[in-house]
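Engineer: One structure, pasted below without further comment.
The values are calculated or read from the model by the stated rules, or taken from the named source; none is laboratory data. From a predicted model like this one, the values you see are computed outputs, not experimental measurements. When we count neighbours, we look across all protein chains shown, and the Cβ atoms used for this are built from the backbone with ideal geometry, even at glycine.
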Amino acid sequence: MNNQTLAGAIGAAGLVIQIVLGFALSGSGSPTGSMLIFPHMLIGVAGIALLAFLVSSIFLTPSSMIARLVYAVAFLLTFAQVALGFRILAVPDNSLVMAHQGLAFVILVALGVGGMLSARSRRKSMMTAAAAPV
Ligand code: HEM
């Protein structure tokens, strides 16, 4: 498993934990008073760094333009998600919480599609290399 795959796997697992934590926060009655907010904030901010690494590595390795685009969009959405999270902390508002929930699933889908596309282009380049005359 290379660094890119490892970062992708950690990112996907982290995102699922983050979504579970988010729902636990919402269910706790007082999200801002709950201790769960600290790991939720930490994973959210660390997610930006992790996606920055994934985006940079996908731009440095041969991969399709669409895979690069999907990762870049996921990175920007994560930024927006973290900003939204801080905004909800400052001004609790139901429509902001709904947007926060929606974005969480859009990021999850984007990472899944990005991972699938980059795995496919990596497999294609491996097969081309294997078929090339020595
Ligand atoms: C990638 C980053 C993040 C993801 C995927 C995420 C995901 C979620 C999800 C799915 C919920 C449940 C929403 C609902 O029940 O409708 C939630 C709730 C919440 N999140 Fe996040 N979150 C992220 C980052 C953050 C950050 C950085 C903060 C704060 C600085 C934050 C603050 C909150 C708060 C306060 C709630 C509870 C809202 C409420 O019910 O009043 N989130 N999050």
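Engineer: Output the qualifying pairs, or none if there are none: Cβ atoms under 7 angstrom, residues six or more apart or on different chains, first residue in region 101-117 and free of Cβ contacts under 8 Å to residues at least 40 places away in the same chain, second residue part of a helix (DSSP H, G or I) and among the aliphatic types (A, V, I, L, M).
Structural biologist: LEU103/LEU77; LEU103/ALA80; LEU103/LEU84; VAL106/LEU77
Engineer: Right, here's the next one. Name the one entry in ILE48, ILE58 that is in a helix (DSSP H, G or I) and at pLDDT 95 or above. If you could, list the steps in order and put the result at the bottom.
Structural biologist: Working: ILE58 fails: at pLDDT 95 or above.
Of ILE48, ILE58, the one residue that is in a helix (DSSP H, G or I) and at pLDDT 95 or above is ILE48.
Engineer: Name the single residue, out of those in region 1-18 being among the polar types (S, T, N, Q) and either assigned to a loop (DSSP other than H, G, I, E, B) or within 10 Å of the ligand (Cβ to nearest atom) (or both), that is nearest to ALA99 (Cα to Cα). Step through it out loud before you land on a result.
Structural biologist: Here is the first cut: in region 1-18, the residues among the polar types (S, T, N, Q) are 2-5, 18.
After this cut, where a residue has to be either assigned to a loop (DSSP other than H, G, I, E, B) or within 10 Å of the ligand (Cβ to nearest atom) (or both) as well, the list is 2, 18.
Numbers: ASN2: 34, GLN18: 15 Å.
The extreme case among them is GLN18.
Engineer: How many residues, within region 61-76, are within 11 Å of the chain's Cα centre (by Cα) and part of a loop (DSSP other than H, G, I, E, B)? Even if it seems obvious, please write down each step before you answer.
Structural biologist: First pass over region 61-76, keeping only residues within 11 Å of the chain's Cα centre (by Cα): 70-76.
Next, only the ones that are part of a loop (DSSP other than H, G, I, E, B) stay: none.
Total meeting the criteria: 0.
Engineer: Oh, and also: Please specify each residue of region 18-41 satisfying the condition of being surrounded by fewer than 13 Cβ atoms within 10 Å (Cβ to Cβ) and among the β-branched types (Val, Ile, Thr).
Structural biologist: Correct list: VAL20, THR32.
Engineer: Which one of GLY112, GLY44 is of a type outside the set (Asp, Glu), under 13 Å from the mean Cα position of the chain (by Cα) and under 19 Å from LEU6 (Cβ atoms)? It would help to see each step written out before you state the result.
Structural biologist: Values: GLY44 fails: under 19 Å from LEU6 (Cβ atoms).
Selected residue: GLY112, the only one of GLY112, GLY44 that is of a type outside the set (Asp, Glu), under 13 Å from the mean Cα position of the chain (by Cα) and under 19 Å from LEU6 (Cβ atoms).
Engineer: Right, another one. Kindly indicate which of LEU69, LEU42, LEU21 is without any contact (Cβ under 8 Å) to a residue 40 or more places away in the chain and more than 11 Å from the ligand (Cβ to nearest atom).
Structural biologist: When all the criteria are applied, what remains is LEU69.
Engineer: Sticking with this structure for a sec: Look through region 45-63, keep the residues that are free of Cβ contacts under 8 Å to residues at least 12 places away in the same chain and small (Gly, Ala, Ser), and return whichever of them is nearest to LEU108 (Cα to Cα). Break it down into steps so the answer makes sense when it comes.
Structural biologist: Our first condition is that a residue be free of Cβ contacts under 8 Å to residues at least 12 places away in the same chain; within region 45-63, this holds for 49, 56, 59-60.
Within this subset, residues satisfying the condition of being small (Gly, Ala, Ser) are 49, 56.
Details: ALA49: 16, SER56: 19 Å.
The selected residue is ALA49.
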